[in-house]
Amino acid sequence: MPLKFVKVILILSLVFAFSGQAFALSASDSINNFAFNAGRIIGKDSGSYFFSPYSIISAFGMAYAGSAGDTAREIECVLGFDSGTHESIHELIESLDDTRFITSANRVWLRNGLTLKDTYRNILALNYGNTVKELDIRNKTEASRKAINDWVSRKTKNKIQNLLAQLDPETQMIITNAVYFNAEWEHKFEKDDTTLKPFHVNDRQTIDVQMMIQNRDFDYGEFDGIKIVRLPYNGYRLSMIAVLPPKENPNAIDSVDAETFKHWIDSLREYSVDLWLPKFKTEKKYQLADLFKAMGVSLAFSNNADFSGITDDEKLKIDAVIHQSFIDVDEEKTEAAAATAITMVRATAMRPIQKPKAEFHADRPFTYFIYDRKTGTILFMGRQTF
(Lines give C-alpha, C1' and ligand atoms only; values in the text may rest on other atoms or scores of the structure.)
Protein backbone atom coordinates (compact mmCIF):
# COMPACT_ATOMS: atom_id res chain seq x y z
CA MET A 1 0.00 0.00 0.00
CA PRO A 2 1.59 3.33 -1.01
CA LEU A 3 2.56 5.79 1.71
CA LYS A 4 0.39 8.86 2.01
CA PHE A 5 2.00 12.30 2.19
CA VAL A 6 0.39 15.11 4.15
CA LYS A 7 0.73 18.69 5.27
CA VAL A 8 2.20 19.91 8.53
CA ILE A 9 2.92 23.38 9.80
CA LEU A 10 5.78 24.25 12.09
CA ILE A 11 6.01 27.59 13.80
CA LEU A 12 9.65 28.48 14.34
CA SER A 13 12.02 31.26 13.42
CA LEU A 14 14.84 31.22 10.71
CA VAL A 15 17.83 29.67 8.88
CA PHE A 16 21.45 28.34 8.89
CA ALA A 17 24.47 27.43 6.74
CA PHE A 18 25.42 23.96 5.53
CA SER A 19 28.85 22.77 6.66
CA GLY A 20 29.07 19.45 4.85
CA GLN A 21 29.63 17.33 7.95
CA ALA A 22 27.88 16.89 11.26
CA PHE A 23 29.20 18.73 14.32
CA ALA A 24 27.57 19.04 17.72
CA LEU A 25 27.07 22.48 19.23
CA SER A 26 25.41 23.79 22.35
CA ALA A 27 22.07 25.48 21.80
CA SER A 28 23.70 28.90 22.28
CA ASP A 29 26.40 28.16 19.70
CA SER A 30 23.82 26.88 17.21
CA ILE A 31 21.73 30.00 17.72
CA ASN A 32 24.66 32.40 17.35
CA ASN A 33 26.07 30.72 14.23
CA PHE A 34 22.62 30.71 12.73
CA ALA A 35 22.13 34.41 13.51
CA PHE A 36 25.14 35.53 11.48
CA ASN A 37 24.56 33.11 8.59
CA ALA A 38 20.91 34.10 8.31
CA GLY A 39 21.62 37.80 8.77
CA ARG A 40 24.01 37.83 5.81
CA ILE A 41 21.41 36.30 3.51
CA ILE A 42 18.38 38.23 4.76
CA GLY A 43 20.34 41.48 4.70
CA LYS A 44 21.05 41.14 0.98
CA ASP A 45 17.35 41.37 0.14
CA SER A 46 16.27 44.18 2.43
CA GLY A 47 17.39 47.29 4.22
CA SER A 48 16.21 46.98 7.80
CA TYR A 49 15.64 43.46 9.10
CA PHE A 50 14.82 41.84 12.41
CA PHE A 51 14.48 38.21 13.50
CA SER A 52 14.87 35.85 16.46
CA PRO A 53 17.44 33.07 16.00
CA TYR A 54 16.52 31.84 19.48
CA SER A 55 12.92 31.24 18.41
CA ILE A 56 13.97 29.49 15.21
CA ILE A 57 16.45 27.09 16.77
CA SER A 58 14.03 26.31 19.62
CA ALA A 59 11.28 25.48 17.17
CA PHE A 60 13.45 23.64 14.69
CA GLY A 61 14.60 21.47 17.56
CA MET A 62 11.04 20.15 17.72
CA ALA A 63 11.14 19.28 14.02
CA TYR A 64 14.54 17.63 14.40
CA ALA A 65 13.12 15.48 17.23
CA GLY A 66 10.92 13.73 14.67
CA SER A 67 13.46 13.45 11.86
CA ALA A 68 15.39 10.32 10.92
CA GLY A 69 17.92 8.98 8.43
CA ASP A 70 19.48 11.38 5.93
CA THR A 71 16.99 14.11 6.86
CA ALA A 72 18.22 14.08 10.46
CA ARG A 73 21.86 13.99 9.35
CA GLU A 74 21.34 16.98 7.07
CA ILE A 75 19.81 19.02 9.91
CA GLU A 76 22.72 17.99 12.14
CA CYS A 77 25.21 19.18 9.54
CA VAL A 78 23.47 22.51 9.05
CA LEU A 79 22.46 23.36 12.63
CA GLY A 80 25.03 21.45 14.67
CA PHE A 81 22.32 19.39 16.37
CA ASP A 82 22.83 16.00 18.06
CA SER A 83 21.13 13.80 20.65
CA GLY A 84 21.94 16.37 23.36
CA THR A 85 20.31 19.28 21.54
CA HIS A 86 16.90 18.92 23.17
CA GLU A 87 18.31 19.00 26.70
CA SER A 88 20.54 21.96 25.78
CA ILE A 89 17.56 23.91 24.44
CA HIS A 90 15.56 22.99 27.55
CA GLU A 91 18.32 24.32 29.82
CA LEU A 92 18.48 27.55 27.82
CA ILE A 93 14.70 28.03 27.97
CA GLU A 94 14.71 27.53 31.74
CA SER A 95 17.65 29.89 32.22
CA LEU A 96 16.01 32.64 30.16
CA ASP A 97 12.73 32.20 32.03
CA ASP A 98 14.60 33.30 35.17
CA THR A 99 15.21 36.75 33.68
CA ARG A 100 11.49 37.67 33.82
CA PHE A 101 12.00 39.78 30.68
CA ILE A 102 11.71 37.11 28.01
CA THR A 103 9.11 34.38 27.68
CA SER A 104 8.74 31.68 25.05
CA ALA A 105 6.03 29.12 24.41
CA ASN A 106 5.73 26.01 22.24
CA ARG A 107 2.66 24.14 21.09
CA VAL A 108 1.93 21.37 18.60
CA TRP A 109 -1.45 21.47 16.88
CA LEU A 110 -2.66 18.21 15.34
CA ARG A 111 -5.25 17.30 12.79
CA ASN A 112 -7.76 15.43 14.92
CA GLY A 113 -7.09 11.71 14.75
CA LEU A 114 -3.36 12.02 13.95
CA THR A 115 -1.37 9.89 16.39
CA LEU A 116 2.02 11.08 17.61
CA LYS A 117 4.62 8.51 18.55
CA ASP A 118 5.17 8.27 22.31
CA THR A 119 8.90 8.93 21.98
CA TYR A 120 8.24 12.15 20.07
CA ARG A 121 5.54 13.28 22.45
CA ASN A 122 7.88 12.63 25.40
CA ILE A 123 10.70 14.71 23.90
CA LEU A 124 8.31 17.62 23.47
CA ALA A 125 6.98 17.31 27.01
CA LEU A 126 10.38 16.93 28.70
CA ASN A 127 12.35 19.58 26.82
CA TYR A 128 10.00 22.09 25.22
CA GLY A 129 7.24 22.48 27.81
CA ASN A 130 5.03 21.51 24.97
CA THR A 131 1.32 20.96 25.04
CA VAL A 132 -0.49 19.18 22.20
CA LYS A 133 -3.91 20.27 21.00
CA GLU A 134 -6.11 18.69 18.32
CA LEU A 135 -7.97 20.77 15.74
CA ASP A 136 -10.53 19.83 13.10
CA ILE A 137 -8.37 21.38 10.40
CA ARG A 138 -10.06 19.67 7.46
CA ASN A 139 -13.66 20.60 8.30
CA LYS A 140 -13.06 23.78 10.32
CA THR A 141 -10.06 25.22 8.56
CA GLU A 142 -10.72 28.90 9.23
CA ALA A 143 -11.56 28.29 12.90
CA SER A 144 -8.32 26.30 13.22
CA ARG A 145 -6.28 29.08 11.63
CA LYS A 146 -7.85 31.61 13.97
CA ALA A 147 -7.13 29.44 17.02
CA ILE A 148 -3.44 29.22 16.09
CA ASN A 149 -3.15 32.94 15.33
CA ASP A 150 -4.96 33.86 18.54
CA TRP A 151 -2.53 31.71 20.55
CA VAL A 152 0.50 33.36 18.93
CA SER A 153 -1.04 36.79 19.51
CA ARG A 154 -1.64 36.08 23.21
CA LYS A 155 1.88 34.74 23.73
CA THR A 156 3.41 37.83 22.10
CA LYS A 157 1.16 40.38 23.87
CA ASN A 158 -0.68 41.07 20.58
CA LYS A 159 2.52 42.09 18.78
CA ILE A 160 2.44 39.19 16.28
CA GLN A 161 -0.97 38.92 14.66
CA ASN A 162 -2.25 36.92 11.69
CA LEU A 163 0.93 34.86 11.45
CA LEU A 164 -0.87 32.33 9.26
CA ALA A 165 -2.62 34.27 6.51
CA GLN A 166 -4.11 31.02 5.24
CA LEU A 167 -4.26 27.36 6.20
CA ASP A 168 -4.63 24.42 3.84
CA PRO A 169 -7.38 22.02 4.97
CA GLU A 170 -4.99 19.10 4.28
CA THR A 171 -2.50 20.34 6.89
CA GLN A 172 -1.85 17.64 9.48
CA MET A 173 0.28 19.29 12.13
CA ILE A 174 1.51 22.72 13.21
CA ILE A 175 4.53 23.13 15.46
CA THR A 176 4.48 26.62 16.96
CA ASN A 177 6.97 28.76 18.84
CA ALA A 178 6.42 32.32 20.05
CA VAL A 179 8.86 34.60 21.89
CA TYR A 180 8.17 37.88 23.72
CA PHE A 181 10.73 40.29 25.22
CA ASN A 182 10.11 43.46 27.23
CA ALA A 183 12.80 45.12 29.36
CA GLU A 184 13.60 48.61 30.57
CA TRP A 185 17.04 50.13 30.07
CA GLU A 186 19.31 50.08 33.09
CA HIS A 187 20.14 53.67 32.12
CA LYS A 188 17.07 55.28 30.59
CA PHE A 189 17.33 58.09 28.09
CA GLU A 190 15.89 61.46 29.05
CA LYS A 191 12.95 62.21 26.78
CA ASP A 192 13.81 65.92 26.83
CA ASP A 193 17.18 65.09 25.29
CA THR A 194 15.65 63.31 22.30
CA THR A 195 15.93 65.53 19.26
CA LEU A 196 15.63 65.43 15.47
CA LYS A 197 18.95 64.61 13.85
CA PRO A 198 19.94 63.55 10.32
CA PHE A 199 20.28 59.81 9.63
CA HIS A 200 22.39 59.01 6.57
CA VAL A 201 20.57 56.08 4.96
CA ASN A 202 23.18 55.96 2.18
CA ASP A 203 25.35 58.30 0.13
CA ARG A 204 22.27 59.71 -1.60
CA GLN A 205 19.59 59.80 1.08
CA THR A 206 19.42 61.51 4.46
CA ILE A 207 16.30 61.64 6.66
CA ASP A 208 15.51 63.19 10.03
CA VAL A 209 14.93 60.76 12.91
CA GLN A 210 14.17 61.03 16.62
CA MET A 211 17.63 60.55 18.15
CA MET A 212 17.98 59.54 21.82
CA ILE A 213 21.10 60.95 23.47
CA GLN A 214 23.04 60.30 26.65
CA ASN A 215 26.62 60.49 27.88
CA ARG A 216 27.68 57.95 30.49
CA ASP A 217 29.87 54.92 31.09
CA PHE A 218 29.16 51.91 28.89
CA ASP A 219 31.10 48.81 27.85
CA TYR A 220 32.62 49.77 24.51
CA GLY A 221 35.20 48.65 21.95
CA GLU A 222 36.56 49.36 18.48
CA PHE A 223 37.67 46.59 16.10
CA ASP A 224 39.05 47.41 12.65
CA GLY A 225 36.98 50.58 12.64
CA ILE A 226 33.79 48.83 13.81
CA LYS A 227 32.36 50.42 16.96
CA ILE A 228 30.47 48.34 19.54
CA VAL A 229 28.59 49.44 22.65
CA ARG A 230 26.69 47.37 25.21
CA LEU A 231 23.46 48.96 26.49
CA PRO A 232 22.29 46.95 29.52
CA TYR A 233 18.70 46.31 30.49
CA ASN A 234 17.61 46.13 34.13
CA GLY A 235 19.79 43.71 36.06
CA TYR A 236 22.62 43.83 33.46
CA ARG A 237 22.17 40.19 32.33
CA LEU A 238 20.40 41.13 29.09
CA SER A 239 21.61 43.91 26.85
CA MET A 240 21.45 45.45 23.43
CA ILE A 241 24.76 45.21 21.59
CA ALA A 242 24.83 47.99 18.97
CA VAL A 243 27.40 47.68 16.18
CA LEU A 244 28.31 50.65 13.96
CA PRO A 245 30.44 49.96 10.85
CA PRO A 246 32.90 52.57 9.56
CA LYS A 247 31.51 55.07 7.08
CA GLU A 248 33.86 53.87 4.38
CA ASN A 249 32.80 50.23 4.79
CA PRO A 250 29.09 50.06 5.70
CA ASN A 251 28.95 46.30 5.04
CA ALA A 252 31.84 45.41 7.35
CA ILE A 253 29.55 43.37 9.64
CA ASP A 254 28.83 40.95 6.75
CA SER A 255 32.23 39.29 7.20
CA VAL A 256 31.79 38.78 10.95
CA ASP A 257 31.03 35.34 12.38
CA ALA A 258 29.87 34.14 15.80
CA GLU A 259 33.40 33.45 17.02
CA THR A 260 34.58 36.96 16.16
CA PHE A 261 31.49 38.42 17.80
CA LYS A 262 32.23 36.51 21.02
CA HIS A 263 35.79 37.82 21.00
CA TRP A 264 34.46 41.35 20.62
CA ILE A 265 32.03 40.94 23.51
CA ASP A 266 34.75 39.54 25.76
CA SER A 267 37.04 42.45 24.86
CA LEU A 268 34.65 45.30 25.70
CA ARG A 269 35.83 47.71 28.39
CA GLU A 270 34.18 50.59 30.19
CA TYR A 271 34.37 53.98 28.47
CA SER A 272 32.66 57.31 28.86
CA VAL A 273 30.51 57.16 25.74
CA ASP A 274 28.80 60.01 23.89
CA LEU A 275 25.85 57.90 22.68
CA TRP A 276 23.29 58.62 19.97
CA LEU A 277 20.68 55.94 19.30
CA PRO A 278 17.56 56.50 17.19
CA LYS A 279 14.09 55.56 18.34
CA PHE A 280 12.66 53.01 15.97
CA LYS A 281 9.94 50.45 15.45
CA THR A 282 10.25 47.60 12.96
CA GLU A 283 7.79 44.87 11.89
CA LYS A 284 8.80 42.16 9.43
CA LYS A 285 7.35 39.03 7.88
CA TYR A 286 9.49 36.57 5.94
CA GLN A 287 8.89 33.53 3.74
CA LEU A 288 11.99 31.45 4.39
CA ALA A 289 11.62 28.07 2.70
CA ASP A 290 13.99 28.96 -0.14
CA LEU A 291 16.48 30.33 2.36
CA PHE A 292 16.51 27.06 4.30
CA LYS A 293 17.00 25.10 1.09
CA ALA A 294 19.86 27.35 -0.03
CA MET A 295 21.57 26.87 3.32
CA GLY A 296 21.47 23.12 3.08
CA VAL A 297 18.18 21.95 4.59
CA SER A 298 16.80 20.50 1.35
CA LEU A 299 15.82 16.90 2.09
CA ALA A 300 13.32 18.07 4.69
CA PHE A 301 11.42 19.88 1.90
CA SER A 302 11.53 17.01 -0.58
CA ASN A 303 9.45 13.91 -1.26
CA ASN A 304 12.31 11.97 0.35
CA ALA A 305 11.93 13.75 3.69
CA ASP A 306 12.03 11.41 6.68
CA PHE A 307 10.04 12.61 9.68
CA SER A 308 9.08 9.07 10.66
CA GLY A 309 9.89 9.86 14.30
CA ILE A 310 6.73 11.98 14.52
CA THR A 311 4.00 9.58 13.43
CA ASP A 312 3.33 6.35 11.55
CA ASP A 313 0.03 7.71 10.23
CA GLU A 314 1.43 9.88 7.45
CA LYS A 315 4.65 10.70 5.60
CA LEU A 316 5.58 14.34 6.14
CA LYS A 317 7.71 16.98 4.48
CA ILE A 318 8.21 20.72 5.04
CA ASP A 319 6.63 23.04 2.49
CA ALA A 320 6.88 26.63 3.77
CA VAL A 321 8.62 28.61 6.50
CA ILE A 322 7.13 31.88 7.76
CA HIS A 323 8.77 34.18 10.29
CA GLN A 324 7.17 37.31 11.74
CA SER A 325 8.85 39.76 14.11
CA PHE A 326 8.36 43.07 15.90
CA ILE A 327 10.63 45.46 17.84
CA ASP A 328 10.00 48.86 19.43
CA VAL A 329 12.91 50.85 20.93
CA ASP A 330 12.33 54.06 22.90
CA GLU A 331 13.81 56.07 25.78
CA GLU A 332 12.58 53.68 28.48
CA LYS A 333 12.65 50.15 27.10
CA THR A 334 12.85 47.66 24.27
CA GLU A 335 9.86 45.47 23.36
CA ALA A 336 10.28 42.64 20.88
CA ALA A 337 8.41 39.55 19.71
CA ALA A 338 8.77 36.85 17.08
CA ALA A 339 7.06 33.74 15.76
CA THR A 340 7.67 31.48 12.76
CA ALA A 341 5.68 28.98 10.76
CA ILE A 342 6.93 26.02 8.75
CA THR A 343 4.37 24.16 6.68
CA MET A 344 4.67 20.53 5.66
CA VAL A 345 2.69 19.35 2.65
CA ARG A 346 1.97 16.25 0.62
CA ALA A 347 5.08 15.23 -1.18
CA THR A 348 4.65 15.32 -4.87
CA ALA A 349 39.82 40.96 15.46
CA MET A 350 41.51 42.99 16.65
CA ARG A 351 41.80 44.30 20.30
CA PRO A 352 39.89 47.54 21.06
CA ILE A 353 41.68 50.87 21.00
CA GLN A 354 41.91 51.98 24.62
CA LYS A 355 40.90 55.57 25.28
CA PRO A 356 39.08 57.32 28.13
CA LYS A 357 36.25 58.68 25.99
CA ALA A 358 34.37 57.30 23.01
CA GLU A 359 31.75 58.45 20.53
CA PHE A 360 28.98 56.16 19.27
CA HIS A 361 26.68 58.11 16.96
CA ALA A 362 24.22 55.73 15.25
CA ASP A 363 23.37 58.27 12.54
CA ARG A 364 23.82 55.74 9.73
CA PRO A 365 22.78 52.07 9.27
CA PHE A 366 23.76 49.91 12.24
CA THR A 367 23.34 46.31 13.38
CA TYR A 368 22.06 45.35 16.82
CA PHE A 369 21.61 42.26 18.95
CA ILE A 370 19.59 41.50 22.06
CA TYR A 371 22.08 39.37 23.96
CA ASP A 372 22.04 37.22 27.09
CA ARG A 373 25.32 37.69 28.93
CA LYS A 374 24.91 34.62 31.19
CA THR A 375 24.52 32.05 28.40
CA GLY A 376 26.19 34.02 25.61
CA THR A 377 23.10 33.73 23.43
CA ILE A 378 21.88 36.07 20.68
CA LEU A 379 18.11 36.22 21.23
CA PHE A 380 17.27 38.72 18.48
CA MET A 381 19.28 40.26 15.66
CA GLY A 382 18.50 43.21 13.42
CA ARG A 383 19.77 45.99 11.24
CA GLN A 384 18.22 49.44 11.15
CA THR A 385 18.46 51.50 8.00
CA PHE A 386 15.09 53.29 8.12
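Here are the numbers:
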read-out	value
Square roots of five times the Cα gyration tensor eigenvalues for region 152-196, Å	38, 13, 7
Share of carbon and sulfur in the accessible heavy-atom surface of region 189-238 [1.4 Å probe, %]	40
Estimated FRET transfer efficiency (residue 112, residue 375; beta-carbon r; R0 25 Å; 0.05)	0.05
Shape call, region 104-159: gyration tensor on alpha carbons, a/c limit 1.5	oblate
Positive minus negative residues near residue 59 (Lys, Arg vs Asp, Glu; Cβ under 13 Å)	+2
The chain - mean residue ellipticity at 222 nm from DSSP helices (-39,500 (n - 2.57) per run, n ≥ 4, rounded to 500)	-8000 deg cm²/dmol
Cβ crowding within 10 Å averaged over residues, with 121-131, 225-235 ranked highest first	225-235, 121-131
Debye intensity ratio I(q)/I(0), log10, region 144-275, q values 0.13, 0.15 Å⁻¹ (C-alpha model)	-0.84, -0.97
Rounded accessible area per residue of region 237-337, 1.4 Å, Å²	39
Placed amide H near residue 199: partners under 5 Å, 5+ positions off or other chain	207, 208, 209
Separation of the residue 131 and residue 290 label points, Cα + 7 Å toward Cβ, nm	3.8
Cα gyration tensor shape of region 28-103, rounded if a/c is under 1.5, else prolate or oblate by comparing a/b with b/c	oblate
Net lengthening on full extension, residue 190/residue 303 (0.36 nm per residue, minus Cα-Cα)	35.0 nm
Length released on extending from residue 166 to residue 274, taking residue separation times 0.36 nm less the Cα-Cα span	34.1 nm
Shape box of region 45-166 [Cα atoms, principal axes, largest first, Å]	39, 37, 35
Residue-normalised accessible area of region 26-65, expressed per residue, 1.4 Å probe, Å²	22
Within straight-line cross-link reach of residue 197, lysines at Cα separation under 23 Å, skipping those fewer than 8 residues along the same chain	188, 227, 247, 279, 281, 333, 357
Distance in nm between pseudo-label sites at residue 119 and residue 82 (7 Å out along the Cβ direction from Cα)	1.9
Leading residue at positive end of dipole, region 124-249 (Cβ point charges), from 169, 245, 129	169
Cβ-Cβ FRET estimate between residue 357 and residue 97, R0 fixed at 51 Å, reported to 0.05	0.85
Region 82-135: C-alpha gyration tensor shape, a/c 1.5 cut-off, then a/b vs b/c	oblate
Calculated over the chain: convex hull of Cα atoms, volume per residue (Å³)	131
Pair residue 249, residue 204: separation of 7 Å Cα→Cβ label points (nm)	2.5
log₁₀ of I(q)/I(0) at q = 0.20, 0.22, 0.29, 0.30 Å⁻¹ - region 234-273, Debye sum with one point per alpha carbon	-0.82, -0.95, -1.18, -1.19
Protein accessible area in region 79-156, 1.4 Å probe - carbon and sulfur %	45
Virtual paramagnetic centre 7 Å along Cα→Cβ of residue 142, amide N under 18 Å, in region 161-192	162-171
Residue 274 - accessible surface, heavy atoms, 1.4 Å probe, Å² rounded to 10	40
Per residue accessible area in Å² of region 99-189, where ligands, DNA and RNA are left out and the probe is 1.4 Å	46
Cross-link reach list, aspartates and glutamates versus residue 140, counting only Cα pairs under 13 Å and skipping chain neighbours closer than eight places	168, 170
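The values are calculated or read from the model by the stated rules, or taken from the named source; none is laboratory data. Just so it is clear, the structure is predicted and the values come from calculations on it, not from any experiment. Because the Cβ atoms are built from the backbone with ideal geometry, glycine has one as well, and the counts that use them run over all protein chains shown. Ligands, DNA and RNA are stripped out before the accessible areas are found, and what is left, the full protein with its side chains, is counted by its heavy atoms. Shrake-Rupley method; radii C 1.70, N 1.55, O 1.52, S 1.80 Å.
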